[in-house]
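The values are calculated or read from the model by the stated rules, or taken from the named source; none is laboratory data. Here the structure is a predicted model, which means the values were calculated and not measured. All Cβ positions, glycine included, derive from the backbone under ideal geometry; neighbour counts span all protein chains shown. Ligands, DNA and RNA are stripped out before the accessible areas are found, and what is left, the full protein with its side chains, is counted by its heavy atoms. Shrake-Rupley method; radii C 1.70, N 1.55, O 1.52, S 1.80 Å.
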Amino acid sequence: MKVKVLNTSGAETGKEVTLPKEIFGAELNDHAIYLDVKQYLAAQRQGTHSSTEKGDVRGSTRKIKKQKGTGTARAGSIKSGVFVGGGRMHGPRPRDYSFKLNKKLKQVARVSAFSYKAKDKEVMVIDGISIDSPKTKDYLTILTNLKVSDKKTLLLTTDSNSNVYLSARNIPNAIVMNATDVNTYNILNANNIILEAGAIDKLKDTLS
């Protein structure tokens, strides 16, 4: 699949690049995508939720009434959740929601996500990007030139570029990351993928 290379002004440079078929034209695997996105979202959960259960409530531990003969249910502690002021029964406890996935499956998921984007023609390539100092306005101008300022965008850079990253940080729907750090969720969550030309080789090294 050939794509025309643009510059940051949105104009064609006269160059074309071929997107590798093994990444942008692979067989789609929806289940791998589902598992990888599920893992990503699970890892974002803090898991710090907690509640005051029976063992956390302060109060007397004496048996509040005799076992038999009252005509009501047995009760051994005023701290039980069935009484006002008692602890919560089966409440949430701190836990870790993250889980592991096979490295190869995660790779298949990312390749499938890129293939979906290429299939929908939501991938563009620029020859390079540089910003002299962190300015949100400068990055927004680039997005406007590329006609994607009103969409969710994911820019994949060849190397870490702090000025570009800081310039995009205050734009709600714009994400900038190194091509080697990309994940399935970010790929699918973006309406348009913007690739630096050099980032394609980085993707080959990471996903091939």
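For the range 105-123, the condition of being among the β-branched types (Val, Ile, Thr) and touching a strand residue (DSSP E or B) at 6+ places or on another chain (Cβ under 7 Å) holds for at least one residue. A count restricted to the range 61-75 and to residues that are touching a Ser or Thr at 6+ places or on another chain (Cβ under 9 Å) and of a type in the set (S, T, N, Q) stands at 1. In the range 41-52, is there at least one residue being within 20 Å of LYS117 (Cβ to Cβ), in contact with a strand residue (DSSP E or B) (Cβ under 9 Å, 6 or more places away or on another chain) and either touching a residue at least 40 places away in the same chain (Cβ under 8 Å) or among the polar types (S, T, N, Q) (or both)? So far as the range 41-52 goes, no, none of its residues is within 20 Å of LYS117 (Cβ to Cβ), in contact with a strand residue (DSSP E or B) (Cβ under 9 Å, 6 or more places away or on another chain) and either touching a residue at least 40 places away in the same chain (Cβ under 8 Å) or among the polar types (S, T, N, Q) (or both). Scanning the range 179-208 for residues that are among the acidic types (Asp, Glu) and either free of Cβ contacts under 8 Å to residues at least 12 places away in the same chain or open to solvent by 30 Å² or more (accessible area, probe 1.4 Å) (or both) yields ASP181, ASP201, ASP205. Of all residues in the range 139-158, those being in contact with a helix residue (DSSP H, G or I) (Cβ under 8 Å, 6 or more places away or on another chain) and surrounded by 19 or more Cβ atoms within 10 Å (Cβ to Cβ) number 6. For the range 9-37, filtered to residues that are out of contact with any helix residue (DSSP H, G or I) (no Cβ under 8 Å at 6 or more places or on another chain) and assigned to a strand (DSSP E or B), the residue that is least open to solvent (accessible area, probe 1.4 Å) is THR13. The sole residue among VAL164, VAL176 that is part of a strand (DSSP E or B), in contact with a Phe, Trp or Tyr (Cβ under 8 Å, 6 or more places away or on another chain) and surrounded by 14 or more Cβ atoms within 10 Å (Cβ to Cβ) is VAL176. Of everything in the range 55-94 that is under 37 Å from the mean Cα position of the chain (by Cα) and basic (Lys, Arg), the residue that is surrounded by the most Cβ atoms within 10 Å (Cβ to Cβ) is ARG88. Taking the listed residues SER160, SER149, the one that is more than 21 Å from LYS202 (Cβ to Cβ) and modelled with pLDDT under 95 is SER149, with no other qualifying.
Search the range 109-123 for residues being outside any loop (DSSP other than H, G, I, E, B) and open to solvent by 30 Å² or more (accessible area, probe 1.4 Å), and hand back the single one that is nearest to VAL5 (Cα to Cα).
Here the answer is LYS119.
Taking the listed residues LYS135, LYS100, the one that is under 20 Å from ILE175 (Cα atoms), open to solvent by 80 Å² or more (accessible area, probe 1.4 Å) and within 26 Å of the chain's Cα centre (by Cα) is LYS135, with no other qualifying. Would you mind stating whether LEU155 is modelled with pLDDT of 95 or more, outside any loop (DSSP other than H, G, I, E, B) and of a type outside the set (D, E, K, R)? Here the answer is yes, as LEU155 does meet what is asked.
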